[in-house]
Amino acid sequence: MKPVAQTPSPPDAAARKAVKPVICYPTATLPQPDMAMVAAARDTLEMTQKIIVPPRDARTFTVPAGHFFKIVSVEGPQVGDLNLWARQDLSEKFYSGKTRALHGTHLGVGDRLWSGFPYLRPMATITYDTLDWYGFDAYGGGVHDVIGTRCDPYTGRLLGGTDYHHCCHSNLTRALAAETGLPLLEAEHHVHDVLNVFMCTGFTKDTHQYFMKASPVRPGDFLEFFAEIDLLGALSTCPGGDCSTEHSSDAAACYPLEIQIFTPDPETLSGWSSPKPSAYSRGHGL
Ligand SMILES: [Zn+2]
């Protein structure tokens, strides 16, 4: 939020403001997923695993490269906070900021979830979204954002002065510690900014502050991904429930989410190979 200006406008203020914006990262040269291949593979999917994430908690899951996973709404409207790591290397993790810079504030079918430096490769591609009809509403809100971070006990303490232990950050930390055997405080360092699955968010038009509103998700809705590399995932059922009022407390109605893992007929992926890490030399000018 910008304060009231202390500096008078220069004579050419209007001209400076009228300069047209350009897209920071034009995507014309961005490698695109083969959605025809994805469609053929989707026709052959067989479910291999189902994991229920209880309310106000998190669970981990693994997906081999070339397999699919879905996050499914069950029982009631619920938002999920998703973390992804390379299965064998926690240092390669989802980079929500660069994903936002490449694909925009909210993700949809064909968008990728990119890993951080020095890897910068697609970890997963979104292949189906039953909420794709939502688009952007009159408030500028949309679903599946990469602008929020994840609710956490530190901001809760900063703003409310109390400790709440079932924020998404803590849920993801506990789940990752249980999966890896890492001490809790070590696991915490690997938890990162999320894809806010099913969450409906935007920026207010006047102050450009981050807002949330009741998620339009209903039981049966799902967001589906193709795993581009071997993945370890963790999904938290946000204590905000549908995020219509507040989070970081036990006030909201919360529901489970279901993670489903699928294997396709490998024949349908015959021309596909897992993306390699960035080819940048890493010389950094020396
Ligand atoms: Zn949360």
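Values in this text are rule-based calculations from the coordinates and carry no lab data. In this text the structure is predicted, and so the values were computed from the model without any measurement. Note that each Cβ is placed from the backbone with ideal geometry, even for glycine, and that neighbours are counted across all protein chains shown.
Counting only cysteine Cβ atoms and a cutoff under 4.7 Å, the chain contains unmatched residues Cys24, Cys168, Cys200, Cys238, Cys243, Cys254.
Where in region 114-139 does the label zone of Lys213 land, with the point 7 angstrom along Cα→C-beta and an amide N cut-off under 15 Å? So the set is 134-139. Along region 229-242 the Karplus relation, 6.51 cos²θ - 1.76 cosθ + 1.60 evaluated at θ = phi - 60°, assigns HN-Hα couplings of 9, 5, 10, 10, x, 9, 10, 9, 8, 4, x, x, x, 8 Hz to successive residues, with x for each Gly and Pro. Would you compute the Debye intensity of region 1-154 from its alpha-carbon atoms alone, equal scatterers and no solvent, and pass along log10 I(q)/I(0) at q = 0.11, 0.15 Å⁻¹ to two decimals? So the normalised log intensities are -0.60, -1.02. Between the alpha-carbon centres of region 12-29 and region 146-222 there is a gap of 32 Å. Using a simple spin-label model with pseudo-atoms 7 Å out from Cα toward Cβ, Ser249 and Lys17 lie 3.8 nm apart. For a straight C-alpha distance cut-off of 12 angstrom, the aspartates and glutamates reachable from Lys50 (same-chain residues fewer than eight places away being disregarded) are Glu258. Considering only the other residues whose Cβ falls under 9 Å of the Cβ of Val63, what net charge follows from Lys and Arg at +1 and Asp and Glu at -1? Neighbour charge sum, excluding Val63 itself: 0.
Which order do Lys93, Lys50, Lys205, Lys20 fall in if you start with the one that has the fewest other Cβ atoms within 10 Å?
Going from least to most buried by this count: Lys20, Lys205, Lys50, Lys93.
Pairs spanning more than 32 Å between alpha-carbon atoms, out of Lys70/Lys98; Lys2/Lys70; Lys70/Lys213; Lys20/Lys70; Lys98/Lys205; Lys98/Lys213: Lys2/Lys70; Lys20/Lys70. From helices alone, the chain scores -4500 deg cm²/dmol at 222 nm; the rule is -39500 (n - 2.57) for each run of n ≥ 4 DSSP H residues, then divide by the residue total. In terms of packing, defined here as the mean over residues of other Cβ atoms within 10 angstrom, the peptides 97-103, 157-163, 70-76, 268-274 line up highest first as 70-76, 97-103, 268-274, 157-163.
Based only on Cα atoms, what mean projected area does the convex hull of the chain have, in nm²?
18.9
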